[in-house]
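Engineer: Right, I'll just put the structure down here and ask away after.
The values are calculated or read from the model by the stated rules, or taken from the named source; none is laboratory data. Predicted, not measured: the structure shown is a model, and the values here were computed from it. Using ideal geometry, Cβ is built from the backbone for each residue, glycine included, and neighbour counts are taken over all protein chains shown.
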Amino acid sequence: MQSNDVTLAFAAALLLSLAVKLWLATRQMRHVAAHRNQVPAAFAGTVTLQAHQRAADYTLAKGRFGLFSMAFGSAMLLAWTLLGGLEALNSLLVSQVLPGWGPMAYQLALLAGFAAIGGLLELPLDAYGTFRIEQQFGFNRMTFRLWLMDLAKGAAVGTLVGLPLAATVLWIMGASGGLWWLYAWVTWLVFNLALLVLYPTVIAPLFNKFEPLPDEALKTRVQALMQRCGFAAKGLFVMDGSRRSAHANAYFTGLGAAKRVVFFDTLLQRLSAEEVEAVLAHELGHFKHRHVLQRMLGIFGFSLAGLALLGWLAGQSGFYAGLGVAPNIGAPSDALALLLFMLALPPFTFFVSPLMAFFSRRHEFEADAYACRQADGGSLASALLKLHEDNAATLTPDPLYVRFYYSHPPASERLAALPAPGPLRAPAAA
């Protein structure tokens, strides 16, 4: 493998993906702005012009910020790779850490240093998104102190969980020969399955409070629904999502006997019992159609293919030199290989995102159809409309942008597929 070929392929993928992202983002913004002053015909009787314009303005604000974030991310990617940022960090650690601490300490320091620098550089973007955009549109309820506490907790959890996993993978890479990628994949697989079991009871409570669902009538309704659907959960919980955001949601978490049903308190405040039941029936539709299992298997399959590719690339000097890094002489390069692969992969996998989005939207339609068989379709329609309005989701996204990015169908398509009465069944205006 020639380093020039790697450089050209990476640069071409980065430039092409950036151009497509820019084109799609500007299409989305122009389309939303062009339809800002008129509610689509399908929603004329249910959504006010003020709510429609608020959603458009929120989408445009996020779009403008997204353009800046896109440019910043691309600049950082170039800085880490072709402009020598990772090479500089690596050279510093090889000269300062390796002689006294040993190869494993150097490699973990490289991973930790990269994560710390990247995280610090992204802090201003996260703060602006939270305290400017989300605050401007009334969604943010997080104080600066809570934001800092979340950052500290996230860093602590990432360190306690990530460093042992990284050390294990690095040890496997150095000790298992040519099939290290297979053993690393098995380790990663076991780790993720264990995390699914531990997350609801160990990690999530570090950030949010979870209390048993107090509404006995709603609990009875929900339990009857789960019994009809053949779903068993360890408990029904309410999460204090309103402490951080006005956005609403409900989800399943955990694996096997550790599964939990979690409602945001903001969701329960906004929806009726019938609507909550319909939303939960939609989530049960994902369970019944095994969408979660399919997605997990897809992720596991892609990760196996990715690690197999890395297993080959890690032995190619051109892979390192072509991305701006000189392989270590007299020191392991496994951490370098992991970081370079993580940096170089997104510009290539970006072009697979429309396929992933397509399957995700199809799963949403299937889950909606299941919900309409287990609960009231009209209640699901009204719940979805409330959630779209409360979350300021635009009713007029650009169709091509939807096909490329949207993991959920836009409101017009989704509501039109439900057995809801009146104008909700009509397609939205283009």
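Engineer: If MET76 satisfies every condition in (1) part of a helix (DSSP H, G or I); (2) of a type outside the set (Ser, Thr, Tyr); (3) loosely packed, with under 15 Cβ neighbours inside 10 Å but one, which is the exception?
Structural biologist: (3) is the only condition that MET76 fails.
Engineer: Being of a type in the set (A, V, I, L, M, F, W, C), part of a helix (DSSP H, G or I) and either surrounded by 13 or more Cβ atoms within 10 Å (Cβ to Cβ) or touching a residue at least 12 places away in the same chain (Cβ under 8 Å) (or both) is the filter here; which residues of the stretch 117-146 pass it?
Structural biologist: Scanning the stretch 117-146 gives ILE117, LEU121, LEU123, LEU125, ALA127, PHE131, ILE133, PHE144, LEU146.
Engineer: Also, I was wondering about something else. Keeping to the stretch 244-297, report how many residues are of a type in the set (Asp, Glu), in contact (Cβ under 8 Å) with a residue 40 or more places away in the chain and either more than 21 Å from PRO212 (Cβ to Cβ) or in contact with a helix residue (DSSP H, G or I) (Cβ under 6 Å, 6 or more places away or on another chain) (or both).
Structural biologist: 3
Engineer: Still on this model: Go through the stretch 262-307 and give me each residue that's of a type in the set (Ser, Thr, Tyr) and out of contact with any Gly (no Cβ under 6 Å at 6 or more places or on another chain).
Structural biologist: Passing the criteria: SER272, SER303.
Engineer: Same structure again: Would you mind stating whether HIS388 is closer than 22 Å to LEU297 by Cβ and either modelled with pLDDT of 95 or more or crowded, with 19+ Cβ neighbours inside 10 Å (or both)? Step through it out loud before you land on a result.
Structural biologist: Working: closer than 22 Å to LEU297 by Cβ: no; either modelled with pLDDT of 95 or more or crowded, with 19+ Cβ neighbours inside 10 Å (or both): yes.
Spelling it out, it is not the case that HIS388 is closer than 22 Å to LEU297 by Cβ and either modelled with pLDDT of 95 or more or crowded, with 19+ Cβ neighbours inside 10 Å (or both).
Engineer: Just to be sure, is LEU267 assigned to a helix (DSSP H, G or I), modelled with pLDDT of 90 or more and either surrounded by fewer than 17 Cβ atoms within 10 Å (Cβ to Cβ) or not β-branched (Val, Ile, Thr) (or both)?
Structural biologist: no
Engineer: Still on this structure, please answer the following. For residues in the stretch 309-361 being among the polar types (S, T, N, Q) and in a loop (DSSP other than H, G, I, E, B), which is farthest from GLY84 (Cα to Cα)?
Structural biologist: In this case the residue turns out to be GLN316.
Engineer: Here is a further query. Within the stretch 80-92, is even one residue in a loop (DSSP other than H, G, I, E, B) and hydroxyl-bearing (Ser, Thr, Tyr)?
Structural biologist: The answer is yes; a qualifying residue exists.
Engineer: While we're here: When you scan the stretch 251-263, do you find a residue that is surrounded by 15 or more Cβ atoms within 10 Å (Cβ to Cβ) and on the phi > 0 side of the Ramachandran plot, even just one?
Structural biologist: yes
Engineer: Has the stretch 377-384 got at least one residue that is free of Cβ contacts under 8 Å to residues at least 12 places away in the same chain, assigned to a helix (DSSP H, G or I) and aliphatic (A, V, I, L, M)?
Structural biologist: No, every residue in the stretch 377-384 fails to be free of Cβ contacts under 8 Å to residues at least 12 places away in the same chain, assigned to a helix (DSSP H, G or I) and aliphatic (A, V, I, L, M).
Engineer: Oh, and also: Quick check on ALA109: is it crowded, with 17+ Cβ neighbours inside 10 Å, touching a residue at least 24 places away in the same chain (Cβ under 8 Å) and among the small types (Gly, Ala, Ser)? Spell out the reasoning first.
Structural biologist: Values: crowded, with 17+ Cβ neighbours inside 10 Å: yes; touching a residue at least 24 places away in the same chain (Cβ under 8 Å): no; among the small types (Gly, Ala, Ser): yes.
Judged against the criteria, ALA109 is not a match.
Engineer: Among residues belonging to the stretch 185-202 that are over 26 Å from GLY235 (Cβ atoms) and in contact with a helix residue (DSSP H, G or I) (Cβ under 7 Å, 6 or more places away or on another chain), point out the one that is surrounded by the most Cβ atoms within 10 Å (Cβ to Cβ). Quick ask: steps written out before the conclusion?
Structural biologist: As a first pass, look at the stretch 185-202 and keep what is over 26 Å from GLY235 (Cβ atoms): 185-189.
Narrowing further to those that are in contact with a helix residue (DSSP H, G or I) (Cβ under 7 Å, 6 or more places away or on another chain): 185, 187-189.
Values: TRP185: 20, THR187: 15, TRP188: 18, LEU189: 15.
The residue in question is TRP185.
Engineer: Can you confirm whether the stretch 147-157 contains a residue that is in contact with a Ser or Thr (Cβ under 7 Å, 6 or more places away or on another chain) and either surrounded by 14 or more Cβ atoms within 10 Å (Cβ to Cβ) or not β-branched (Val, Ile, Thr) (or both)?
Structural biologist: Scanning the stretch 147-157 turns up at least one residue that is in contact with a Ser or Thr (Cβ under 7 Å, 6 or more places away or on another chain) and either surrounded by 14 or more Cβ atoms within 10 Å (Cβ to Cβ) or not β-branched (Val, Ile, Thr) (or both).
Engineer: Follow-up question, since we're still on this one. Can we say PHE10 is surrounded by fewer than 17 Cβ atoms within 10 Å (Cβ to Cβ), in contact (Cβ under 8 Å) with a residue 24 or more places away in the chain, part of a helix (DSSP H, G or I) and aromatic (Phe, Trp, Tyr)?
Structural biologist: The answer is no for PHE10.
Engineer: What are the pairs, 6+ residues apart or on separate chains, where a residue within the stretch 202-222 that is within 25 Å of ASP150 (Cα to Cα) and at pLDDT below 90 has its Cβ under 6 Å from a residue that is of a type in the set (Ser, Thr, Tyr) and not in a helix (DSSP H, G or I)?
Structural biologist: Sorted first by the residue in the stretch 202-222, then by its partner, the list stays empty.
Engineer: Just the residues that are surrounded by 14 or more Cβ atoms within 10 Å (Cβ to Cβ) and not in a loop (DSSP other than H, G, I, E, B), please, taken from the stretch 93-106.
Structural biologist: Filtering the stretch 93-106 down to residues surrounded by 14 or more Cβ atoms within 10 Å (Cβ to Cβ) leaves 93-94, 97-98, 103-106.
Once the filter is applied, which keeps residues that are surrounded by 14 or more Cβ atoms within 10 Å (Cβ to Cβ) and not in a loop (DSSP other than H, G, I, E, B), the stretch 93-106 yields LEU93, VAL94, LEU98, PRO103, MET104, ALA105, TYR106.
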